[in-house]
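Written below as structure tokens is the structure these notes are about.
The values are calculated or read from the model by the stated rules, or taken from the named source; none is laboratory data. Note that this is a predicted model, so its numbers are computed, not measured. Here the Cβ positions follow ideal geometry from the backbone for every residue, glycine too, while neighbour counts run over all protein chains shown.
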Amino acid sequence: MSRDTQLSDSDGVVLVKTARKAVTEFLSNGNRMKLESDLEEKFSFNSGVFVTLNNPDGLRGCIGFPMPEKKLSHAIIEGAIAAATEDPRFPSVKTNELNDIVFEVTVLTPPIVVDVSDPMEYLEKIKVGRDGLIIRHSFSSGLLLPQVPVEYGWNVEEFLQHTCEKAGLSRDTWKNESVKIEKFEGIIFKEETPNGVIVREET
């Protein structure tokens, strides 16, 4: 088990509050905050992380880093600001929206390749609710977090199809033997209501 899978509930509270504070400060005065030195040290290990913003209408922004290439102490701040201001699907969040937005942080385990001899084996080796997926084919790649298929009620095949679509590929590209599929798990912490109690999502 890597360190990022051993996050406590109190760690999760800190990460979600940090994400909200980073966005609030950036939108208010353009500052990119830094963690206090004790927290900087605590989260100094490399980890993938995504920050998701939801409002009453649904998704409002989601950006992050799938690979453990940045220290979590930096990635959480960069991901939060990017989710609020750089998601190409949405206009930048405005300060007056923050009281309507629920912040969610997903800390990722390192991706591992799903090894199969026949693509149909993916249906047995991927578990909805536990696994997130990365699909790579040629120069295309797409990622969906573990909570996405649960929210939409997809089965494993639908999850694979939608991950292909996220990569700009046709829905059944996952059946192509030249495709590389990786899975990862996510530890999810989120506000129950905007600025409210922060809980660990059970997967």
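Confirm whether Gly61 is free of Cβ contacts under 8 Å to residues at least 40 places away in the same chain, touching a helix residue (DSSP H, G or I) at 6+ places or on another chain (Cβ under 8 Å) and under 18 Å from Leu144 (Cα atoms). So Gly61 fits the description; yes. When Glu157 is tested against (1) at pLDDT below 95; (2) more than 17 Å from the chain's Cα centre (by Cα), only condition (1) is not met.
For first residues located in the stretch 138-156 and more than 21 Å from Val179 (Cα to Cα) and surrounded by 15 or more Cβ atoms within 10 Å (Cβ to Cβ), partners that are modelled with pLDDT of 95 or more and acidic (Asp, Glu) and lie 6+ apart or on another chain with Cβ distances below 9 Å form the pairs Gln147/Glu104. Whenever a residue of the stretch 41-57 is in the same structural domain as Asp11 (by TED's automatic domain parsing), its partners that are acidic (Asp, Glu) and modelled with pLDDT of 95 or more, lying with C-beta atoms within less than 6 angstrom and at least six residues away or across chains, give the pairs Thr52/Glu104; Asn55/Asp100. Give the stretch 12-40 a look and list any residue that's charged (D, E, K, R) and either buried (at least 20 other Cβ atoms within 10 Å of the Cβ) or out of contact with any helix residue (DSSP H, G or I) (no Cβ under 8 Å at 6 or more places or on another chain) (or both), or say none. Listed by number, the residues that qualify are Lys17, Arg20, Lys21, Glu25, Glu36, Asp38. Can you work out which of the residues in the stretch 77-95 that are more than 13 Å from Thr18 (Cβ to Cβ) and charged (D, E, K, R) is surrounded by the most Cβ atoms within 10 Å (Cβ to Cβ)? Among those that are more than 13 Å from Thr18 (Cβ to Cβ) and charged (D, E, K, R), it is Asp87.
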